[in-house]
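Working notes for the structure below.
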Amino acid sequence: MNRPLHSNEFLLIKEAQAKKLRSKSKGMLSYQLLIEPDRSNLWIRITGNEGRGYFNDHPMSCQSISSLISTQNQEKGFSAKLLNSITSGRSTNNAYFLAAILINEGVIKPDPNGGPLLFLTENVSQWLSSQLSGNGTTIILEPKVKSKALSTSKEAISKPISHHSKRNKQP
């Protein structure tokens, strides 16, 4: 679940880097922890990837994350794919990047046997509360301008977009 973008003002409480989930993946992920000025919700925003892979930089609600992972059977664990319902955009990397960030924050941990599952490490609501009490610097996230090709208007959807250009052949 993404933040309704009626307000783009946040308090930046932390900027950090996290290792990716796969040991073969190169580079670090950069992220921010943001809180709303009224301290009602915490948000995670992926801001960079030193390696390969696209990501969406829209803030992701930690309350939504908490609700989702708290319902999982902690003895069996859960897959990072579960986080796809929280992330948005075209990148499937976001769920895995978000899992790496949550590991870095100490909210979840990887399978001690090296498997693909993740496990809750602490009370997520306690982590949320501790973050919401943090001090921060006011920042304003500028909304991105969508190109016409990415518009969701009926006109744009009804017209197919060609990804190949025709080359003019010279006689």
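The values are calculated or read from the model by the stated rules, or taken from the named source; none is laboratory data. Predicted, not measured: the structure shown is a model, and the values here were computed from it. All Cβ positions, even for glycine, are placed from backbone atoms using ideal geometry, and neighbour counts span all protein chains on display.
Miscellaneous remarks
- Just one of the listed residues (Lys20, Lys76) is under 14 Å from the mean Cα position of the chain (by Cα), among the charged types (D, E, K, R) and under 16 Å from Leu118 (Cβ atoms), and it is Lys20.
- Flag if Ile140 is crowded, with 17+ Cβ neighbours inside 10 Å and touching a strand residue (DSSP E or B) at 6+ places or on another chain (Cβ under 6 Å): no
- Pro116 meets all of the listed conditions (1) within 21 Å of Leu42 (Cβ to Cβ); (2) in a loop (DSSP other than H, G, I, E, B); (3) in contact with a helix residue (DSSP H, G or I) (Cβ under 8 Å, 6 or more places away or on another chain) but one, namely (1).
- Residue within the stretch 128-136 that is modelled with pLDDT under 85, assigned to a loop (DSSP other than H, G, I, E, B), surrounded by fewer than 17 Cβ atoms within 10 Å (Cβ to Cβ) and not basic (Lys, Arg) present: no
- Screening the stretch 6-63 for residues that are hydroxyl-bearing (Ser, Thr, Tyr) and touching a strand residue (DSSP E or B) at 6+ places or on another chain (Cβ under 7 Å) and picking the one that is farthest from Val107 (Cα to Cα) gives Thr47.
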